[in-house]
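The values are calculated or read from the model by the stated rules, or taken from the named source; none is laboratory data. Everything numeric here is computed off the predicted structure, so don't read it as measured data. Quick reminder, even Gly has a Cβ in these numbers, built from the backbone with ideal geometry, and neighbours come from all protein chains shown.
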Amino acid sequence: MLEALALLAGVLLLWKGGDLLVEGADRFARGKGMPSSLAGVFILGFATSAPELVTTVLAAIRGHPGIASGNVIGSNIANVGLILGTATLLAVVVVDRFILRVDIPLVIGVSVLTFLFFRDGSFDATDGWIFLALFGLYTLYAILTAGKRPAPAQHPGVHRPFFELGMAALGLAGLVLGAHFFLVGALAAARWLGVTDTVIGLSLVALGTSLPELATTIAAARTNRMELAVGNVVGSNLFNLLLVLGVAAVLNPQPTAGRLLSIDLPVMIGMAVACFVLPVLGGGRLRRWQGVLLLAGYFGYIGVLALSAG
């Protein structure tokens, strides 16, 4: 009974929190003349990566580096396969040209670099500092090139930046709390069903920390702000690798498990490549049949997880 209530509370908080975060971020971006794609990458990408950052840092500090790196990699796979795939089923997604030409190739490059860094046995503090430096350079580059991104239409009404940021912060709090409740209920239900801890950790922990991205993307799709949704997914993946994994490695070197090199990292790279190839084939759009492919890839990966864990 308590598990069911936790799941219900989690779903409601995620739903409303996603609405508030998207509305607040969109109003703030338009009021400041910030391109919506950049708002999606930075405001939503950073905000919805907060659960990954908190979970990963705590896991690293407490001496569970495998959970930390697995959470980042699993979340990036879920962001593209599950979240972007779901968004594409809800609406045809137009991918901003700057995101397609700059941000997504950066995600691919950083994903490949992550694989190469893990190949020497661990993702250590030196690798972590390199990623944090790259994060700083990317942030500076994005700010300097903001003017090259398509300018948004002005938001109707009075611009109230503190109110809009407060709305976004309230939405983020709802997302984090909702993800916590949902994860508590899901973990209890999974154990009740007899699912192994390995499968729970590899699938539900990564999914639980990706729930804010899912809720935010669905909210963006329902309000026809898909440029925010795509920016959210791309920005979250960049933040997860450069910032979250970078901080985790500085705190505690991340060991290379055998399955990371053979399964998880190649799947993460494949998802990043699909995020580029599919809209190119679709003329700058992601259509519903492509969303089905992304979802099929994600659930196929979850199936492989279950079989390998068993």
Matching residues, the range 92-103, being closer than 17 Å to ILE143 by Cα and buried (at least 22 other Cβ atoms within 10 Å of the Cβ) | ASP96, ILE99, ASP103
Taking the condition in contact with a helix residue (DSSP H, G or I) (Cβ under 7 Å, 6 or more places away or on another chain), surrounded by fewer than 24 Cβ atoms within 10 Å (Cβ to Cβ) and modelled with pLDDT of 85 or more, does ALA221 pass?
-> no
Would you point out which residue out of GLY66, GLY85, GLY74 is in contact with a helix residue (DSSP H, G or I) (Cβ under 9 Å, 6 or more places away or on another chain), part of a helix (DSSP H, G or I) and modelled with pLDDT under 80?
-> GLY66
Can you confirm whether the range 250-265 contains a residue that is part of a helix (DSSP H, G or I), without any contact (Cβ under 8 Å) to a residue 60 or more places away in the chain, among the small types (Gly, Ala, Ser) and within 24 Å of ALA125 (Cβ to Cβ)?
-> yes
For the range 199-209, does any single residue satisfy the condition of being buried (at least 20 other Cβ atoms within 10 Å of the Cβ), touching a Ser or Thr at 6+ places or on another chain (Cβ under 8 Å) and either modelled with pLDDT of 75 or more or over 26 Å from VAL304 (Cβ atoms) (or both)?
-> no
Among the residues of the range 117-134, which ones are of a type outside the set (Asp, Glu), in a helix (DSSP H, G or I) and either touching a helix residue (DSSP H, G or I) at 6+ places or on another chain (Cβ under 7 Å) or closer than 16 Å to LEU106 by Cα (or both)?
-> PHE117, PHE118, ALA125, GLY128, TRP129, ILE130, PHE131, LEU132, ALA133, LEU134
Positions within the range 135-154 being farther than 12 Å from LEU245 by Cα and either outside any loop (DSSP other than H, G, I, E, B) or at pLDDT 90 or above (or both), in sequence order | GLY136, LEU137, TYR138, THR139, LEU140, TYR141, ALA142, ILE143, LEU144, ALA146, GLY147, LYS148
Just to be sure, is SER236 assigned to a helix (DSSP H, G or I) and out of contact with any helix residue (DSSP H, G or I) (no Cβ under 8 Å at 6 or more places or on another chain)?
-> no
Residue ID - nearest to LEU238 (Cα to Cα), chosen from residues in the range 266-310 that are modelled with pLDDT under 85 and assigned to a helix (DSSP H, G or I) | LEU305
Would you say VAL230 is of a type outside the set (Phe, Trp, Tyr), under 14 Å from GLY85 (Cα atoms) and not in a loop (DSSP other than H, G, I, E, B)?
-> yes
So which pairs qualify, if the first residue must be in the range 69-98 and of a type in the set (Phe, Trp, Tyr), the second must be at pLDDT below 85, the Cβ gap must be under 9 Å, and the two must be at least 6 apart or on different chains?
-> PHE98/PRO35; PHE98/SER37; PHE98/LEU38; PHE98/THR145; PHE98/LYS148; PHE98/ARG149; PHE98/PRO150
Sort out which residues of the range 226-250 are at pLDDT below 70 and surrounded by fewer than 24 Cβ atoms within 10 Å (Cβ to Cβ), and write them in order of number.
-> none
Just to be sure, is LEU281 buried (at least 16 other Cβ atoms within 10 Å of the Cβ) and among the aliphatic types (A, V, I, L, M)?
-> no
Does the range 235-256 contain at least one residue that is within 28 Å of LEU307 (Cβ to Cβ), aliphatic (A, V, I, L, M) and over 15 Å from the mean Cα position of the chain (by Cα)?
-> yes
Within the range 273-283, is there a residue that is under 21 Å from PHE118 (Cα atoms), touching a residue at least 12 places away in the same chain (Cβ under 8 Å) and hydrophobic (A, V, I, L, M, F, W, C)?
-> yes
Looking at THR114, is it part of a helix (DSSP H, G or I), in contact with a Gly (Cβ under 7 Å, 6 or more places away or on another chain) and crowded, with 20+ Cβ neighbours inside 10 Å?
-> no
